[in-house]
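Here's the structure we're looking at; comments come further down.
The values are calculated or read from the model by the stated rules, or taken from the named source; none is laboratory data. Only a predicted model underlies this, so the values are computations on that prediction, with no experimental measurement involved. Positions of Cβ are generated from backbone atoms using ideal geometry, with glycine treated the same way; all protein chains shown enter the neighbour counts. Note: areas computed on protein heavy atoms with side chains; ligands, DNA, RNA excluded. Shrake-Rupley method; radii C 1.70, N 1.55, O 1.52, S 1.80 Å.
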Amino acid sequence: MKALKLLVFLFAIGRRVRGNCQGIKTIDISAYVDEKFSSNEAKLKVQQEFDAAMHSIGMTCIVNHGVDSKIIKEAEKAAKEFFEQSEEMKRRYGDPDTYGTEGYTPRGVEAVSRSMKDGLTKKADVVESFTWSSRPPSHPSETPDRPLAGLESWCTKAQKYWDEMTRVLNVLLQISADIFKVDKDFFHAHFSGNDSGIVLRFARYPEHEIEQGVLRYGIHTDYLTFTILHAGGPGLQVRDEFDHFSDVLPSFDALVVNGGDLTELWSNGLWRSAVHRVLPYAKFDNLSVSTERFASVFFTGPSHSKLIEPIVAPGDVRRYEPVIAGEYLRSKLDPTTVTMNNVDNEYDKSCSSSSSFS
């Protein structure tokens, strides 16, 4: 069995190295990153491809984003070292019984599918995670009120990762402004303030016994705007415009970007909030084998106090009501904490879903 798992992993790696992402569109965004490749024609091509991807499934891969792979590797290596510690040690960081706060969340606490309209009875996800709720400090002593003591090395590496993902976010916001023909600072202005909706999450999906219909991470949409993901290993699936789930397997140098609920609202429904999930296994021909999976997830969102209103094109009608970003986020987060809502923490075995805005 170990040899088979290794074979599956190497097979997946081989597919990732060969370039484009499997399952979703790959977009070269160098026109917005490097002046050497910047031209009106090149930027228009990026806009068209990004707009099409967000309109169809709400998810794409981006390459030539300018992020140093060393920064990614070092941050993820530190994350893996953290997860290798004992459960007792990990639980010292944050509130281990609540999802959505800074620090460690153990397996069995979060049930992400419960954020969906029909998900109130969904069970806990097979994942543990660590969340940075704001920019990581250079050293834990800089922010004594945060549960970071003892994470000196990870702080520095996570900070560099955060800064690089913030730069990528700014590029995505600029692309979006160009597509919707609004002021270049329109989206950026909603991210200003001290109550940012941005968080960085490192997640570990442990190897576990495969059961029919069981998901590692339940069917869901992300709650705010763009999510920027660097995934290590197979398992991610996205629902397409025909309501079918397909595998997403990015290349090493690619970042997966998906739109969230507020992206859909902001676009007045022109862009989709991507419906996605994580399977508990990798597929190899007709075999399904459980393998460990890591993911680095940069969730982005406007400042909590910002009012988000649809951008309504001339001649169109408004399809969504405005929301306060922070209030909407809280309405989605609260139901996902299993222990908070006195729900049995068996793992999610349901595969039914509906879009957050359907």
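Of the candidates 270, 262, 333, the single residue that is at pLDDT below 90 and either touching a Lys or Arg at 6+ places or on another chain (Cβ under 6 Å) or surrounded by 14 or more Cβ atoms within 10 Å (Cβ to Cβ) (or both) is 333.
When we screen 191, 252, 187 for residues that are farther than 23 Å from residue 80 by Cβ and in a loop (DSSP other than H, G, I, E, B), the only hit is 191.
Within region 4-42, if we keep just the residues that are open to solvent by 40 Å² or more (accessible area, probe 1.4 Å), modelled with pLDDT of 90 or more and not small (Gly, Ala, Ser), the residue that is nearest to residue 247 (Cα to Cα) turns out to be 25.
The single condition from (1) within 21 Å of residue 71 (Cβ to Cβ); (2) out of contact with any His (no Cβ under 7 Å at 6 or more places or on another chain) that residue 255 fails is (2).
The set of residues from region 119-162 being open to solvent by 10 Å² or more (accessible area, probe 1.4 Å), in a helix (DSSP H, G or I) and either among the small types (Gly, Ala, Ser) or closer than 19 Å to residue 329 by Cα (or both) comprises 141, 153.
The rows are residues; the columns are (1) closer than 17 Å to residue 199 by Cβ; (2) in a helix (DSSP H, G or I); (3) free of Cβ contacts under 8 Å to residues at least 60 places away in the same chain.
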| residue | (1), (2), (3) |
| --- | --- |
| 65 | no, no, no |
| 82 | yes, yes, no |
| 85 | no, no, yes |
| 88 | no, yes, yes |
| 104 | yes, no, yes |
| 114 | no, yes, no |
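Evaluating residue 55 against the criteria (1) over 19 Å from residue 170 (Cα atoms); (2) modelled with pLDDT under 95 leaves one unmet condition, (2). Candidates in region 163-189 are the residues that are touching a residue at least 60 places away in the same chain (Cβ under 8 Å) and surrounded by fewer than 16 Cβ atoms within 10 Å (Cβ to Cβ); of these, the one that is farthest from residue 102 (Cα to Cα) is 182. Under the condition of being farther than 24 Å from residue 77 by Cα and not hydrophobic (A, V, I, L, M, F, W, C), the residues counted in region 99-143 number 9. Among residues of region 33-56 that are within 15 Å of residue 258 (Cα to Cα), those with a Cβ under 7 angstrom from a residue that is open to solvent by 60 Å² or more (accessible area, probe 1.4 Å), sequence gap 6+ or separate chain, pair up as 49/25; 53/25; 55/270; 56/241.
Of everything in region 291-327, what is modelled with pLDDT of 90 or more, more than 15 Å from residue 191 (Cβ to Cβ) and among the hydroxyl-bearing types (Ser, Thr, Tyr)? Give them in sequence order. 296, 320, listed by residue number.
Taking the criterion of being under 30 Å from residue 48 (Cβ atoms), open to solvent by 20 Å² or more (accessible area, probe 1.4 Å) and of a type in the set (S, T, N, Q), the residues of region 60-118 that qualify are 64, 69. For region 43-59, taking the residues that are open to solvent by less than 30 Å² (accessible area, probe 1.4 Å) and either in a helix (DSSP H, G or I) or aliphatic (A, V, I, L, M) (or both), the one that is farthest from residue 266 (Cα to Cα) is identified as 46.
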